[in-house]
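The structure under discussion appears below in the form of structure tokens.
The values are calculated or read from the model by the stated rules, or taken from the named source; none is laboratory data. Bear in mind the structure is a predicted one, so any value in this text is a computation, not a measurement. With ideal geometry, Cβ positions are generated from the backbone for all residues, glycine too; neighbour counts draw on all protein chains shown. The protein model used for the area step is the full one, side chains on, heavy atoms only, and it has no ligands, DNA or RNA in it. Shrake-Rupley method; radii C 1.70, N 1.55, O 1.52, S 1.80 Å.
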Amino acid sequence: MKNILTGIFASAVMAATGHAALYSFDSNATVASSSGPSLGSSVQIGYGMTEEILDEFGSDTGRVRWVFDSSSPDSITDNPASYGYGSAGSSLNAFNQTVMLQFTDIFNLSTFAIFMDESPFGATSQVEFYDADDNLITTLDAFGLTPGYQITGSNINGVSKIVLPAGAFYDNMTLTGSAVPEPGSASLAVVAALALASRRRRRA
Amino acid sequence: MKYNRSKFQNSTRGLGLAVCALVASTLAAQAAPTVTRLNPPSNLFTLGDPTPPIIARFMADQRFDLQATVQADAGQTVTSAVFKVNGTVVPGAVTITPITGGAADRFNITLRATSFTAAGTHTLTVEATQANSLVATGTGNFEIVRAVNGGRKAKNVIYFIGDGMGIAHRTAARLVKQGSYQGKSMGRLNIDTMPNTALLMTASLDSIITDSAPGAACYSTGNKSNNGQEGVFPDDTADKWDNPRVEHMGNFLARTQGKALGIITTADVEDATPASFAIHTQDRGAGTGICDMFLDEAVANHNLRVLMGGGRKWFIPFGSPGSGRVGSTTASGGDCILPQDLATAWNAPVGTVDPTRDLIGGFTAAGFTYAPDAATLNNIPANTDRLLGLFNTGNMDVALDKIAARRGGPAAGTVGTFPNQPMLDEMTAKAIQVLSRNPQGFVLMVEAASIDKQAHNMDTERFILDTLELDRSVAVGLNFLESNPDTLVMVTADHECAGINIIGASRVTNTALTTASTSGGGATALRDPVVGTYESAKFPDYNGMQEDGYPTTMDIDYKMLIGYAANATRFEDWLTNPQPNALPGARDTAGNFSITGQVPGSSAVHTGSDIPMSAAGRGATLIGGVMDNTEPFFKAMQAVIGGAK
């Protein structure tokens, strides 16, 4: 029994250690992770839009969810200098439209950080974090008028989507955190471990 | 000596009473100073009510001035003052200036060009200290609005303003342009095709009946103004230029997004609506200073790249024929000198009294192409980046008279003096051509000014054709939207003018009406047999539009008839007036049909009814329901900053 708990405890420790990823937006077609273990294929990044959440009768509930905009350009990186929004390079282009990050798994983010462009243009807005049910978890201020402003946050749990404000370029995003295991899979793991422990006792 | 207790007590009591009286009178003379005005305005300060509606609202980062008027005690001065928001001192220089004129011992306290980023309602407090250490305090509130993340941004914003254009003005124009038969309109105005509609409440800061200054400044600043005032809150000084300012949309978006600004009108460019998109003054009539401010501030700080309309008189040196420039800051049409604290904070030149200034030369030196007429306008180079068009010394002529002249008819109004004035749709096309060269996008205001001016004059045919002129301009905007879907187009008014409505149609032919108009028969000849109401009105048919987009004539058989609920006394013969702007009491007299006005004077007036707004394009879905007229500013900002569908 002690071995199973240990095993389980060891798994929990590994999950709590989690992952870290740096996104430098150097390439266009896919988001390049330039250092450290990535968060895996568990994050998609693209242009976002809102759509109304309807009830079971098809009526508007007054709530919206963020979805990827299939009509927007595929390219999400560009050169800020060509827009007059800072020095040359390749950055995440949210100039014309909100950008959304969607995690396949639910993530508990230990830290979040991203830089805004180095131009004096922009607006005061906010990065939004949503759970799997499209409920707003929290926001972080984005002071776009401050050149090179870094948006930072920590300990944001249950994140399914992150929404970055339009009207800016972004770069060097770092995420650390861990996926939240599915409740069903956790229960199965415990049952399997107990079953294994029981079989070992009978043998003994 | 035996001590006389009684006498001592009496004398002591008397001395004590005297001392008390002296102290009381001294305290009375030291009554506490009071704050008699606090800007931004609020119901909290004025009424003690902190609850919504919050009167003053600003976008995050939108700049505005804080101002207070303090009534000090007699002979006292205010030596220091501080503004606090939510208990925290607002950083920045506080200027204290004695107010001359009016009640004595008043002081103007200002802190210029501040801004805030935290969304929500904030409490504003001023603490002003007298030389004798007594403190006056005042408390108000304001709201900061942040754009939320909304998806795709709008790159361009186009406001079309039909000055004075209420619901009935649009209906009348539709009836003329399209006609109606068996209950169905045979077509739509271009405005009618815009999918989103709202009703706007139009009250100004100081009245249920607004004028055009606050009626336009609300769209440009998101805030109310007093009648006659543009881009400012009221204060207690006589100075036309020192009022607490609110940053205009064009200034804000030039500063934060690099957008360009265009202002075009069929009025004098000094007029209230165009000026309310770039100017800050408490005197809408200060034409010299207003036009100077277009160059000195709007070009420099708002990225103003297109300015067109009438009003050439303000741009040519005093002494030149037709010049209207004046050499005074206090006279009507006055020039502009800014207080130093304002100039510094808003990065504007202080200015000088310069009646001989060549303002056209100033604009051309700043890189503007100058067009004095339609021919020049139509031939500006395709790579024109900046455009100044001044097509009349005063207001431009109205559509009816411009079209008549183009068709070879008589030159009414000032068409004879200015024979080559463009139509508003031509001006709109050129404005968009120039502004769309800016890669960051633009804000454009297009005003059909004489819907209002002709409605004031109760000139039915001229206000209707000016509405058609606006509608043709809207077509230009919607055409641009089709190929530039990241554009928000809004069509509205500043207020309704004259209480116009369609009362029926003539039951007689134009020939019969013409005969009646000279009969001197009064109501017996021109009302009772003429005015067809209900089913007698039938369906007036203006026989379609000519190729130029306007009817062949407005004097058709069985023509539509317009009534004026906010009318001044006028003679009415239902026929097109040969000249514009003839006094209502001096024209159409041969028919002797006098209609008594409900308002004094010789001009119909603005009314307080809600006005329609139509919207199309990026963010148009944010427009809807019944809104305050400050709300479209915030909807446009949401679309431009945060994005929208």
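Only four residue types carry charge here, +1 at the Cβ of Lys and Arg and -1 at the Cβ of Asp and Glu. Report the dipole size of chain B about the Cα centre in Debye, rounded to the nearest 20.
My answer is approximately 1480 debye.
Want the number for B:ARG407 to B:ALA93: 0.36 nm per residue separation, take away the alpha-carbon distance, what's left?
Net length gain for the segment: 107.0 nm.
Can you list which of the trypsin sites (Lys or Arg not before Pro) found in the stretch B:158-244 are DSSP loop residues with at most 12 other C-beta atoms within 10 Å?
Passing sites in the stretch B:158-244 do not exist.
By how many nm would the segment from B:ASN378 to B:THR511 grow when fully extended, if each residue of separation counts as 0.36 nm and the alpha-carbon distance is taken off?
Between B:ASN378 and B:THR511, full extension yields an extra 43.9 nm.
Can you give the FRET efficiency for A:VAL67 and B:GLN340, using 1/(1 + (r/R0)^6), R0 = 56 Å, r = Cβ-Cβ distance, to the nearest 0.05?
Rounded to the nearest 0.05, the efficiency is 0.55.
Work out the P(r) tail for the protein assembly as shown: percent of alpha carbon pairs separated by more than 57 Å, whole number. Please report the intermediate quantities before stating the final value.
Details: 78850 of 359976 pairs.
The share of Cα pairs beyond 57 Å in the protein assembly as shown comes to 22 percent.
Identify, among B:THR237, B:LEU307, B:PHE294, the residue whose Cα sits farthest towards the positive end of the charge dipole of the stretch B:194-343, taking +1 on the Cβ of Lys and Arg and -1 on the Cβ of Asp and Glu, with the dipole about the Cα centre.
B:LEU307
Of all accessible surface on the protein assembly as shown at a 1.4 Å probe, what whole percent is carbon and sulfur?
Values: 18430 of 33500 Å².
Heavy-atom surface of the protein assembly as shown belonging to carbon and sulfur, 1.4 Å probe: 55 percent.
Can you give the log10 of the normalised intensity I(q)/I(0) at q = 0.05 Å⁻¹, computed with Debye over equal Cα scatterers of chain B?
-0.27
Give the percent of DSSP beta bridges with both residues in chain B that are antiparallel, rounded to the nearest 5.
So the antiparallel bridges in chain B amount to around 65 percent.
Normalised by the residues of the stretch B:398-488, what does the relative contact order come to in percent, with Cα pairs under 8 Å and at least six apart?
Result for the stretch B:398-488 is 32 percent.
Using only Cα atoms, find the angle between the long axis of helix B:212-221 and the longest principal axis of chain B, and express it within 0 to 90 degrees, rounded to the nearest 10.
That works out to roughly 70 degrees.
Please list, by residue number, everything in the stretch A:102-143 whose backbone N is under 12 Å from a paramagnetic label point 7 Å out along Cα→Cβ of A:SER42.
A:103-110
Relative contact order of the stretch B:526-639, please, whole-number percent, based on alpha carbon pairs below 8 angstrom and at least 6 residues apart.
On the way: 115 pairs, mean separation 22.9, N = 114.
That works out to 20 percent.
For B:THR576 and B:GLN433 in the same chain, what is the full-extension length gain: residue separation times 0.36 nm, less their Cα-Cα distance, in nm? Working shown, then result.
Values: separation 143, 0.36 × 143 = 51.48 nm, distance 3.56 nm.
Additional length available on full extension: 47.9 nm.
With respect to the cross-link table entries B:LYS224/B:LYS430; B:LYS259/B:LYS402; B:LYS155/B:LYS645; B:LYS155/B:LYS430; B:LYS184/B:LYS453, which display a Cα-Cα separation exceeding 22 Å?
B:LYS224/B:LYS430; B:LYS259/B:LYS402; B:LYS184/B:LYS453
State, to one decimal in nm, how far the label point of B:ALA365 lies from the label point of B:SER602, with both points 7 Å from Cα in the Cβ direction.
4.1 nm
Could you grab the relative contact order for chain B? Cα pairs under 8 Å, six or more apart, rounded to a whole percent.
Averaging sequence separation for qualifying contacts and normalising by length gives 18 percent for chain B.
How much FRET efficiency would the formula 1/(1 + (r/R0)^6) give for A:THR104 and A:GLU52, where r is the Cβ-Cβ distance and R0 is 25 Å, rounded to 0.05?
0.55
I want to check the label-to-label distance for A:ALA88 and A:GLN150. Put each point 7 Å from Cα in the C-beta direction and report it in nm to one decimal.
2.6 nm
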